[in-house]
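The values are calculated or read from the model by the stated rules, or taken from the named source; none is laboratory data. In this text the structure is predicted, and so the values were computed from the model without any measurement. Because the Cβ atoms are built from the backbone with ideal geometry, glycine has one as well, and the counts that use them run over all protein chains shown.
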Amino acid sequence: AQRVTQPEKLLSVFKGAPVELKCNYSYSGSPELFWYVQYSRQRLQLLLRHISRESIKGFTADLNKGETSFHLKKPFAQEEDSAMYYCASHNAGNMLTFGGGTRLMVKP
Amino acid sequence: DTGVSQDPRHKITKRGQNVTFRCDPISEHNRLYWYRQTLGQGPEFLTYFQNEAQLEKSRLLSDRFSAERPKGSFSTLEIQRTEQGDSAMYLCASSLPGAASTGELFFGEGSRLTVL
């Protein structure tokens, strides 16, 4: 079965520090991977998808098939980045499989 | 607000009672998903509709759970004979046709169930 693992439940950094939120997946096919974010008191929403190779709010994520990873990175964290981040993969079916989430806290 | 709406937002019930949640997707979205999220976990897939057809069901969806989308618009999720383990946030999401491949689901705010 498809599985998405986010090894860190909590990541705490100071403002301006680099951030890396880890995500590993297990899927034998061609994975489609995504990062979702949930800010305080807001809905879960899509942040970025690997296929678009985009940078959103300064975040990027590179798919590494050799390491089966899709880590989310930002060179300089901002306080407004504090949120829950979920890595997700899309399989041959029609649903997303989510990881357990990482809470990012950016301290002033 | 034209996003996905869910009702009720909170439900407290006693063990053994039945509960029903409603989801109204974004109007032009033909795909609708139900997820369940427990504390400290990510959302877990329950079931998926394309229009009125229920196309996928997770093994998590026991016989006590039933979901419908009779006219291909709103959906209901009913839990019969609730158990304390059913306590969770029930999330609904919708998407456009073909969006499954792009992974963009639009989520509601969720319905939080507490079973006493």
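Looking at the range B:41-106, the strands (runs of 3 or more DSSP E) lying wholly inside it that each contain 3 or more residues that are under 27 Å from residue A:6 (Cβ atoms) sit at B:44-50, B:88-95. Going by the conditions given, is residue B:4 of a type in the set (A, V, I, L, M) and buried (at least 19 other Cβ atoms within 10 Å of the Cβ)? Taking the combined requirement at face value, the residue satisfies it.
Considering B:41, B:6, B:37, B:17, the condition of being free of Cβ contacts under 8 Å to residues at least 40 places away in the same chain and among the polar types (S, T, N, Q) is satisfied by B:41 alone.
Residue A:67 falls short on exactly one of the conditions (1) more than 14 Å from every other protein chain (Cβ to nearest Cβ); (2) surrounded by 12 or more Cβ atoms within 10 Å (Cβ to Cβ), and that condition is (2).
Identify all residues within the range B:67-101 that are out of contact with any strand residue (DSSP E or B) (no Cβ under 6 Å at 6 or more places or on another chain) and either modelled with pLDDT of 95 or more or surrounded by fewer than 14 Cβ atoms within 10 Å (Cβ to Cβ) (or both); write none if there are none.
B:70, B:71, B:80, B:81, B:83, B:85, B:97, B:98, B:101
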